[in-house]
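I have placed the structure first, in the form of structure tokens, so that the comments after it can refer back to it.
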Amino acid sequence: MAQAKTLTAADIDQLLAYIDTRKYAARNRAMALLTHWAGLRIGEVACLRWCDVVTSEVQIKDEIRLLPDMTKGRQARTVFINARLKAELQAYVA
């Protein structure tokens, strides 16, 4: 089985530049970075709720807990949020 191609840094920059020209750019940028930097699947991003990502003090959580219903294999898992993604998501929240 062939290895899936991954996006290079230049590809990500090009994708984000395109997203910035479209409607709902902040939301779409956050979703794209969740898939790339956190490793979430599209279906997992679509299942996320505000309270899964943001604390009651409107700060980005350090980790996202995915319930079994939210994942492909029906197995709960925890996804850790790195500093770059946290900054991007905080910008979206603001």
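Listing for the model above:
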item	result
Candidate set from region 30-78 (those that are among the acidic types (Asp, Glu) and open to solvent by 70 Å² or more (accessible area, probe 1.4 Å)); member that is nearest to THR6 (Cα to Cα)	ASP62
Pair list, Cβ < 8 Å and 6+ apart or interchain, from region 19-40 residues that are basic (Lys, Arg) to residues that are surrounded by 11 or more Cβ atoms within 10 Å (Cβ to Cβ) and modelled with pLDDT of 95 or more	ARG22/ASN28; ARG29/LEU16; ARG29/ILE19; ARG29/ASP20
Boolean, VAL93 is open to solvent by 20 Å² or more (accessible area, probe 1.4 Å), in contact with a strand residue (DSSP E or B) (Cβ under 8 Å, 6 or more places away or on another chain) and β-branched (Val, Ile, Thr)	yes
Hits in region 66-94 (condition: in contact with an Asp or Glu (Cβ under 7 Å, 6 or more places away or on another chain) and over 24 Å from ALA9 (Cβ atoms))	LEU66, MET70, THR71, THR78
Tally, over region 42-57, of residues that are out of contact with any helix residue (DSSP H, G or I) (no Cβ under 7 Å at 6 or more places or on another chain) and closer than 13 Å to VAL79 by Cβ	2
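The values are calculated or read from the model by the stated rules, or taken from the named source; none is laboratory data. All figures in this text were calculated on a predicted structure; none of them were measured in a lab. As a convention, Cβ positions derive from the backbone with ideal geometry for all residues, glycine included, and neighbour counts pool all protein chains shown. Remember, those area values only see protein heavy atoms, side chains included, never the ligands or the DNA or RNA. Shrake-Rupley method; radii C 1.70, N 1.55, O 1.52, S 1.80 Å.
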